[in-house]
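Colleague: My questions will all concern the structure given below.
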Number of protein chains: 2
Amino acid sequence: MSVMMRLTLNSSAEEQLQKQAETHRLQLTQKMSKPFKKLIDVSSGDIQSTGMKPITFVRQVLAGCLCPDLLLSDTLPHDVQLRVQKLLEHCDGGSVGAYAESSGMAYVQRTVAKYISARDGGLSSNPAHIFITSGSLRAITVVLKLLAQSGGSFQTGVMVPVPLPNALPHVLERVGSLPLFYCLREEAGWSIEREELHRAIQASKDHCCPRAIYISNPSNPTGHVQSRESIKDVIRFAAQNNLFLLVDEVYQDTVFGLGSEFVSYKKVLAEMGPPYSNTVQLASVHSLSNGIMGECGLRAGYMELVNVDESVMLFAEALLCGDISTPITGQIALDVMADPPRPGNQSYFLYKQEMESRLNTLKCNVHRSTEFFNSLPDFHCPPVQSGIFIYPHLKFSPAALTYAQGLGVEAGLWYCERLLQEEGVCVGVNRCVGEAVTHNSPPGSCWHLRLCVLMPPDALEEVLCHLQAFHCRFLSKL
Amino acid sequence: MSVMMRLTLNSSAEEQLQKQAETHRLQLTQKMSKPFKKLIDVSSGDIQSTGMKPITFVRQVLAGCLCPDLLLSDTLPHDVQLRVQKLLEHCDGGSVGAYAESSGMAYVQRTVAKYISARDGGLSSNPAHIFITSGSLRAITVVLKLLAQSGGSFQTGVMVPVPLPNALPHVLERVGSLPLFYCLREEAGWSIEREELHRAIQASKDHCCPRAIYISNPSNPTGHVQSRESIKDVIRFAAQNNLFLLVDEVYQDTVFGLGSEFVSYKKVLAEMGPPYSNTVQLASVHSLSNGIMGECGLRAGYMELVNVDESVMLFAEALLCGDISTPITGQIALDVMADPPRPGNQSYFLYKQEMESRLNTLKCNVHRSTEFFNSLPDFHCPPVQSGIFIYPHLKFSPAALTYAQGLGVEAGLWYCERLLQEEGVCVGVNRCVGEAVTHNSPPGSCWHLRLCVLMPPDALEEVLCHLQAFHCRFLSKL
């Protein structure tokens, strides 16, 4: 089975699970009897659905912008009031109910540019090259559409990692681009390897025109953080092969691994100097939904374009314009993400406390769940450096594999379906591809589960409790 | 010049104006000297940008949902608090920061279904057939994509009126459907005429496959409201020609013409009985942006599908899912639009007062601006029955026409560009097509301006003052 076929399979396995989860959820609301009382979905990065509280300052600013009458009393802190006034000054008609420019509110573009510049040690960022979108996927779609439109007679190929973020295959399908898979090496901590990039692009050249490479760094779902050297390697590879660099950096604020550090592709590109720094085309995306903010329901993100032609940017604007302008509420939350309270502001202490507590919860939960999986037979979970997922490896025993084959189902999917049916826990699932599988294990025996672990610690314990009970039953019945 | 070419021209004329308006706006922020102090854009239906205040209850509910701590004091009225609690109960994790189902929050779907049912005199509405989208254009795009995908080898044709809502040509272009224009008759108050529908579909049959008819009722931009009989005519026409009825009913809450009444296509379809009522496929769209709510920045609308196959609805869901889920803030505002405060509720009086005052302002402004245009030489503005636009007819004198031709520009565009440059007022503009032009006037002499007039009365006076000054200067210089 080719890598591509397996991935199609994985994607549809995930969809099957999601559909089953939705059915269970509906049946629970209809009071249908189940072995569990509630459905817990840890397959996506939707942290507020599993109980994480929003950051107070974000919500206070939004409440003030929506209901400026709140500024007439001292219900909201002083710095919230000032921020609300500032933001409303930059809304048409002084209201969040008016439309904004298709590429986003100019004020928010400037805030984001300042944030990027500060993050990258003072490297300049042009607000006109920042596009506010309703989420990172939307930004990625716009770039891929631009590339597909500018292609010749060959189909546009886009290099994507394996494993990859679970929503990505759909985006590629929708824009009509061909995914060209490059495998990340689990044995090397999921790093990107130069030889594998070369293999993947060579293998594709007779049937499509490779035009872009998609990178997820910090990586979803593996949690790997690229080193500066690794980023340089990828940039050189992109330059050699004339590829557009599409970099998903939505987990840039959730790097916690000892010795790991987030460095942006943009910064490394600038450091490399010409010809790289002034020729390699780059789009970097970030969002409000992912990582530490976790405001999925507000729908906002941004992308910054580097070394991209002005005319192409006009097309990007037209694509965004033709579609849906980002909700102003989301843009306001993005402004707060990019420009949080500072020392001396009334809200600073609470904001700092909430963010530190959140990062601390994340670290503890990653540690706790990594240890948990390493204590379960057949599971192996290496340490994670970043992100909000863990990605444990599950190697089915010959007995389990034979059993699943007897039922005519894929072992990993069968495991997760039963976990969902019996315990009400929905996890993500991917079949392993790459060296480890082909050399050491029978086909179909190696899988990964994907679990978002950024949730209140007691909620995590509940999930682990279900997993433990299920896995023990699973093993005992073989 | 064919109707289609002219429309393309109109659409790009609008775009040119919009771009110029944006440039002026930017230059004003850069303190560049202009003959005007601010730019007033009345070309779109963005009523909050020109100073209309939002409805208090909507904003209070949103503030409470975003910042539930506000419920700890009595800052918000009691019924707002109850609504907030109810809505948050139906958000995953009790937070508006979590994702919702791709077709919308089930709770909001139910609220909308109840609203539709009450509007249509008790006719049933199935929540599963309601799709919450980020605006009416998004809903229309989804339907058109579905139709285009299900087409055969011929290109999908979609019948659209002339004049038509200014954003529609782009949507058709994006989904790759061919617009088949049917002209509305200005002399008959912009009604839809059976003979014209037949002419338009016959003319198209050799080069495309007509699959849908788009209707705007109450009509944007003409303000015409269809009678029950006229709706029946269109339904019969759709049935005869096996067309999907795509009905844009976003101005259903802003009908004010004496003797005019909004009746939904769905209701008339049901009244007609079989075979119409159980075969004609219908999508009706409504939104938070248009009409009386005017919450453009919150991005939400809905569509209801009638007589549409379950399998097609699954596709619709997949299309919505693949794209962007509607922001939860917008969905909450939609819930309030569909289920406003009732008599006895603490917020009822204020809500009623605000809505009545808004409708009253609209009626007065329509009356005032209609009289105004009828008092200007070369303008003619028939009474309007609904909507938030007026659509005055401007017939250029031979002298003006000769002057414009000498400059090599279209007279209407030239007029509007000068209005923008000299007074800072941006209006919509359409070249007339149809009988009136071909029979009585030289080509290029008849145009319509499109102005949104739902704004505070003093803001309207300011606009009219600019228009008056400009038009007098314009005439005097010929």
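The values are calculated or read from the model by the stated rules, or taken from the named source; none is laboratory data. Note that the structure is predicted; figures quoted are calculated from it, not measured. Note that each Cβ is placed from the backbone with ideal geometry, even for glycine, and that neighbours are counted across all protein chains shown. Areas reflect the complete protein model, heavy atoms only, side chains present, ligands, DNA and RNA absent. Shrake-Rupley method; radii C 1.70, N 1.55, O 1.52, S 1.80 Å.
Colleague: Using the per-residue mean of other Cβ atoms lying within 10 Å as a proxy for protection, in what order, highest first, do the peptides B:98-105, B:355-362, A:365-372 fall?
Modeller: The peptides rank, most packed first, as B:98-105, A:365-372, B:355-362.
Colleague: While we're on this one: Which value in Å does the Kirkwood hydrodynamic radius of segment A:1-132 take, with 1/r averaged over all unlike C-alpha pairs and then inverted? Intermediate values should be presented prior to the final figure.
Modeller: Values: mean 1/r = 0.0512 Å⁻¹.
So the Kirkwood estimate lands at 19.5 Å.
Colleague: In Å², what does the accessible area per residue of segment B:295-358 work out to with a 1.4 Å probe?
Modeller: Ligands and nucleic acids excluded, the result is 38 Å² per residue.
Colleague: Output the antiparallel fraction of DSSP beta bridges having both residues in segment A:240-343, as a percent to the nearest 5.
Modeller: About 60 percent, rounded to the nearest 5.
Colleague: Turning to a different aspect of this structure: Using only protein heavy atoms and a 1.4 angstrom probe, determine the accessible area buried between B and A, summed over both sides, in Å² to the nearest 100.
Modeller: 3500 Å²
Colleague: Let me ask something else. Considering every residue in B:131-139, what mean count of other chain Cβ atoms within 10 Å of its Cβ is obtained? Walk me through the numbers on the way to the answer.
Modeller: On the way: counts 0, 0, 1, 7, 4, 0, 3, 2, 0.
That works out to 2 on average.
Colleague: Next question. Provide a whole-number value for the mean count of partner chain Cβ atoms within 10 Å of the Cβ atoms in peptide B:42-49. Mind dumping the intermediate values first?
Modeller: Values: counts 0, 0, 2, 1, 7, 4, 9, 9.
Taking the mean over all residues of the peptide, I get 4.
Colleague: Taking each label point as 7 Å beyond Cα in the direction of the beta carbon, state the distances from residue B:346 to the same residue in the other copies, shortest first, in nm.
Modeller: Ordered by distance, the counterparts are at 2.3 nm.
Colleague: Out of all DSSP beta bridges with both ends in segment A:163-320, state the antiparallel percent to the nearest 5.
Modeller: Details: 7 of 16 bridges.
Bridges in segment A:163-320 are about 45 percent antiparallel.
Colleague: I would also like to ask the following. Residue B:85 to residue B:346: FRET efficiency via 1/(1 + (r/R0)^6), r the Cβ-Cβ distance, R0 22 Å, to the nearest 0.05?
Modeller: 0.90
Colleague: Per the helix-only calculation at 222 nm, which mean residue ellipticity applies to chain A, given -39500 (n - 2.57) for every DSSP H run of n ≥ 4 and division by its residues, nearest 500 deg cm²/dmol?
Modeller: Values: 16 runs with 219 residues, N = 478.
It comes out at -14500 deg cm²/dmol, rounded to the nearest 500.
Colleague: Rounded to whole Å, give me the distance from the Cα center of segment A:209-263 to that of segment A:96-151.
Modeller: About 19 Å separates the Cα centre of segment A:209-263 from the one of segment A:96-151.
Colleague: Starting from a Cα-only point model with no solvent, please compute log10 I(q)/I(0) by Debye for the protein assembly as shown at q = 0.07 1/Å.
Modeller: Values, matching the q order: -0.61.
Colleague: Starting from the eigenvalues of the Cα gyration tensor, five times each then square-rooted, give me the equivalent ellipsoid semi-axes of chain B, largest first, whole Å.
Modeller: Working: eigenvalues 262, 180, 80 Å².
Equivalent ellipsoid of chain B: 36, 30, 20 Å, largest first.
Colleague: Suppose R0 equals 56 Å. What FRET efficiency, 1/(1 + (r/R0)^6) with r the Cβ-Cβ distance, do residue B:441 and residue B:117 give to the nearest 0.05?
Modeller: In this case the efficiency is close to 0.70.
Colleague: I've got another one for you. Say each of residue B:209 and residue A:167 gets a label point 7 Å from the Cα, pointing the same way as Cα to Cβ; how far apart are those two points in nm?
Modeller: In this crude label model, residue B:209 to residue A:167 measures out at 3.3 nm.
Colleague: Using a label point 7 angstrom from Cα along Cα-to-C-beta, what distances in nm, from shortest up, separate residue A:229 from the other copies?
Modeller: Distances between equivalent label points, in nm: 8.5.
Colleague: Hey, another quick one. Count, for each residue of A:298-307, the Cβ atoms from other chains sitting within 10 Å of its Cβ, then give me the mean as a whole number.
Modeller: 2
Colleague: Where the accessible area of the protein assembly as shown is counted over protein heavy atoms with a 1.4 Å probe, how much of it, in %, is carbon and sulfur?
Modeller: Answer for the protein assembly as shown is 55 percent, counting heavy atoms of protein chains only.
Colleague: For segment A:85-338, compute Rg over Rh where Rg is the Cα radius of gyration and Rh is the Kirkwood radius from the inverse mean 1/r over Cα pairs.
Modeller: Rounded to two decimals, Rg/Rh equals 0.96.
Colleague: So for the protein assembly as shown, taking the charge dipole from beta-carbon charges (+1 Lys/Arg, -1 Asp/Glu), which of A:409, A:99, A:142 sits furthest toward the positive end?
Modeller: Projecting each Cα onto the dipole axis, the largest value belongs to A:409.
Colleague: How far, in nm to one decimal, is residue B:273 from itself in the other copies if the label point is set 7 angstrom along Cα toward Cβ? Shortest first, please.
Modeller: 8.7
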